[in-house]
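Structure, as structure tokens:
The values are calculated or read from the model by the stated rules, or taken from the named source; none is laboratory data. Model, not experiment: these values are computed from the prediction. Note that we place each Cβ from the backbone using ideal geometry, even for glycine, and neighbour counts take in every protein chain shown. Side chains are part of the model used for accessible areas, which takes the heavy atoms of the whole protein and leaves out ligands, DNA and RNA. Shrake-Rupley method; radii C 1.70, N 1.55, O 1.52, S 1.80 Å.
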Amino acid sequence: MLEQYKKEYSQSTNQYIVVDLDGKILESDDVIFTKVVGKNISTIHPFFESIHSTLLEPNQRHVFSCIHLTNPENQTIITDIIVKTFDGKQPPLVVVLDLTTHYDNYQTTAQVRNESVINSQILELKNEYLQEKEAFKNAFIANFSHELRDPLTGILTFSDILKKTHLSDEQLNYLKVIDSSSTYLKQLIEDILDISKIEAGKLDLVISPFDIKQLLEDIKSIFEIKAQQKGLELITNFNDNLPAVVGGDPLRLRQVLSNLLENAIKFTEEGTITFNVSLNQIRAQKASIHFQIIDTGIGIPQDKIEDVFTSFTQLNNSQAYKGAGLGLAIAKHLVSLTHSKISVDSTEGEGSTFSTNINFSLDKNHKLKTKKKDAVTSPRSNKKYSILLVEDSEITQLSILKILASRGNYFLDIVTKGEDVIPRIENSEFDLILMDIKLPNSYGDEITKLIRKMPEREHKKIPVIALTARVMKDDLKRYKKAGINDVIQKPFDENALITKIEEYLK
């Protein structure tokens, strides 16, 4: 039994062959090749012709590895062959080791290892490709957004300027169309940037105390008008027991609620939009607040409910419902940052209900920031201030020039190239610098670093306000590190520009 097991499960089978110096087989145990005694060893396989010279070398041991032979059953076997010679008195010994199983196992292991290495390299290449693709997409969106914001700034600025001139009712109506289209375009740009931030994992909440009741009233006043324009009624129910001041991100909360209300109004042709806000509970210095928006619109098929939260997806492709299909995707992500989710209950043809529960922090030490006076209606002083504008866009140059000229207490100097900034500062005195970030062959934050290194204290301490569309978290950190005091996001209007300028002209 043991011999049977050894024969069946042995990793190698060995045949011992004694030959004379001419290669004639004198003895053999016939384990692999049978009935070979008296034959020349070269008749077993042509390979053995190559060992004749080794038979003549006394006291040597030669090993030939991975030799493929054909056994009597016409099967290929993989062998190691050992040739051992002695002092000339003893005939040479040839040992044939059948290591087919061993080599097959080795080959399988090597193949698995090679495949693993190849797959790892393929995965690495795919990751590099995806990273390059993501970097290209983000760069494209940032550049595309920047190029759109300059003309949009011009449209918004000159629309405001035109409103202050003597216009007929017909001309004012044309301006309303321009304003509506500009606002829609601005919102599309913001949505595309937000989706880009979400996909890059760079959209975070900025927590601060705010008056939630005032925020809700502000939203109500805006959407009452939008609902009325479409012949709808906006019904609001805000519980009286809502906390006055909570800790959260007011900008993103406003964005979530606005997107949900916009969506409700868009897909409702008649009936009502109901906006309910109630307090769930207060526990462990946290207030759980329930937000609910109900419409009597077209509704959503049950099998399509999850699809409404997918970017660039709009279930109803009718021209009556314009939009990029980003609002709900952004709202879902923003709510997820609060560790919550948006629930949907909808009946096709009857309407939809969107609701969510969001936790806000409660703290007796929460204090609201004092609102600054409106810079446009309340000039700071009669003093003349000198401002340097570093900007290559003629539209933005003209927009800022018109805004500051209408105020009457600013001198504006304009530089279009980064290399001209330091010489201009050295030869003039400025109270403030408006710095475009993306300039031809240079960047505003790098120029600001040079300004901060200037030897004269009055030069290196000049307030620098960035004008840019790039306001991701990493961008803002970079600007601050470069010495930029503040940021005005493009596109901006007269109030945003003057308010920020007045804040730094002390």
* **Residue-normalised accessible area of the chain, given per residue in Å² at a 1.4 Å probe** => 57 Å²
* Asked: Where the centroid of each part is defined by its Cα atoms, how far is region 77-134 from region 466-494 in Å?
  -> 59 Å
* **C-alpha long axis of helix 250-266 to longest principal axis of the chain, angle in °** => 90 degrees
* If one takes the longest principal axis of the Cα atoms in the chain, at what angle in degrees, from 0 to 90 and to the nearest 10, does the Cα axis of helix 100-163 lie? -> 10 degrees
* Asked: Where both partners of a DSSP beta bridge lie in region 153-294, what percent of those bridges are antiparallel, to the nearest 5?
  -> 70 percent
* Sorted by average packing, counted as other Cβ atoms within 10 angstrom per residue and highest first, what order do 42-49, 489-496 take? -> 489-496, 42-49
* Asked: For the charge dipole of region 32-176, defined by +1 on Lys and Arg C-beta atoms and -1 on Asp and Glu C-beta atoms about the Cα centroid, which residue among Pro58, Thr70, Pro46 has the Cα displaced farthest towards the positive pole?
  -> Pro58
* Asked: Angle between the Cα long axis of helix 169-199 and the longest principal axis of the chain, 0 to 90 degrees, nearest 10?
  -> 30 degrees
* Probe 1.4 Å - accessible area at Tyr410, Å² to nearest ten -> 20 Å²
* Stretched out fully, how many nm does the piece from Leu205 to His339 gain, at 0.36 nm a residue minus the Cα gap? -> 47.1 nm
* To do: Could you order Leu21, Leu434 so the one with the most accessible surface comes first? Probe is 1.4 Å.
  => Leu21, Leu434
* Just grab the label-to-label distance for Arg283 and Arg113, each label 7 Å out from Cα along the Cβ direction, in nm (one decimal). => 5.7 nm
* Asked: Of Lys266/Lys332; Lys226/Lys500; Lys213/Lys367; Lys213/Lys473, which pairs sit farther than 20 Å apart, going by alpha carbon to alpha carbon?
  -> Lys226/Lys500; Lys213/Lys473
* **Pairs from Lys402/Lys481; Lys164/Lys481; Lys163/Lys481; Lys384/Lys417 whose Cα-Cα separation, in the structure shown, is over 28 Å** => Lys402/Lys481; Lys164/Lys481; Lys163/Lys481
* Among Tyr504, Leu334, Ile155, which residue has its Cα positioned farthest towards the positive end of the charge dipole of the chain, with +1 placed on the Cβ of Lys and Arg, -1 on the Cβ of Asp and Glu, and the dipole taken about the Cα centre? -> Tyr504
* Asked: Which value, in debye to the nearest 20, describes the size of the charge dipole of the chain about its Cα centre when Lys and Arg Cβ atoms bear +1, Asp and Glu Cβ atoms bear -1, and nothing else is charged?
  -> 2420 debye
* Structure fact -> If unit charges are put on Cβ atoms (+1 for Lys and Arg, -1 for Asp and Glu) and the dipole of the chain is taken about its Cα centre, the option from Ile403, Phe238, Ala227 lying farthest towards the positive end turns out to be Ile403
* Asked: Percent antiparallel among DSSP beta bridges with both residues in the chain, to the nearest 5?
  -> 70 percent
* Asked: Given that just one value was derived from the coordinates, which of (i) 124, 69, 50; (ii) 141, 67, 40; (iii) 69, 60, 54 is Cα extents along the principal axes in Å?
  -> (i)
* Going by a ≥ b ≥ c, the root eigenvalues of the Cα gyration tensor, does region 202-260 fall in the rounded group (a/c under 1.5), the prolate group (a/b larger than b/c) or the oblate group? -> oblate
